[in-house]
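**Q** Mind having a look at this structure? Questions to follow.
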Amino acid sequence: MNHSSQDTGSGGIHEDRKLYVVDSINDLNKLNLCPAGSQHLFPLEEKIPVLGTNSGNGSRCLFFVVLLIMLIVSLVLVSFVIFLIIQTGNKMDDVSRRLTAEGKDIDDLKKINNMIVMRLNQLDSEQN
């Protein structure tokens, strides 16, 4: 495993640029030279399109524009829903504060009513 590149039988600079196949990890020192036809598995001409050809680019661009518009619309809708949730929470807080305040007022009115009824009962018993 600790063989240098000179131990593998590489004769020169030109041979270092060739593609080698390794059968397994144990056979790393037994490099097999690939055939000359497999040196160019992915030619650059196929990877980089010519500037004059636009095959499919227009539909791809249209797809991305529609996708972008849909994402913006969904973002606006989600923002509106969040705004409505916050507004509903604020309204619920106001209603609960009013109910607690009115509940205290009702308790006060009940106490006043009980005091009036007791006073009327006292006056009625004094008159009899």
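The values are calculated or read from the model by the stated rules, or taken from the named source; none is laboratory data. Not measured: the values here are computed from a predicted model. Neighbour counts are summed over all protein chains in view; Cβ atoms, including those assigned to glycine, are modelled from backbone coordinates with ideal geometry. Calculation scope for accessible area: heavy atoms of the full protein, side chains included, ligands and nucleic acids excluded. Shrake-Rupley method; radii C 1.70, N 1.55, O 1.52, S 1.80 Å.
**Q** For segment 77-128, report the accessible area per residue in Å² (1.4 Å probe, heavy atoms, rounded to an integer). Spell out each step's value before the answer.
**A** Numbers: 4950 Å² over 52 residues.
On a per-residue basis, segment 77-128 sits at 95 Å².
**Q** What net charge do the residues around ILE116 carry, taking every other residue with its C-beta under 14 Å from that of ILE116, with Lys and Arg at +1 and Asp and Glu at -1?
**A** Values: positive: LYS110, LYS111, ARG119; negative: ASP108, ASP124.
Net local charge, ILE116 excluded: +1.
**Q** Spin-label point model (7 Å from Cα, Cβ direction): what's the VAL73 to ILE86 distance in nm?
**A** It works out to 2.5 nm between the two label points.
**Q** Let me ask something else. Which value, in Å to one decimal place, does the Kirkwood hydrodynamic radius take for segment 83-128 when every pair of different Cα atoms is included? Don't skip to the answer; put the middle values down first.
**A** Details: mean 1/r = 0.0747 Å⁻¹.
13.4 Å is the Kirkwood radius here.
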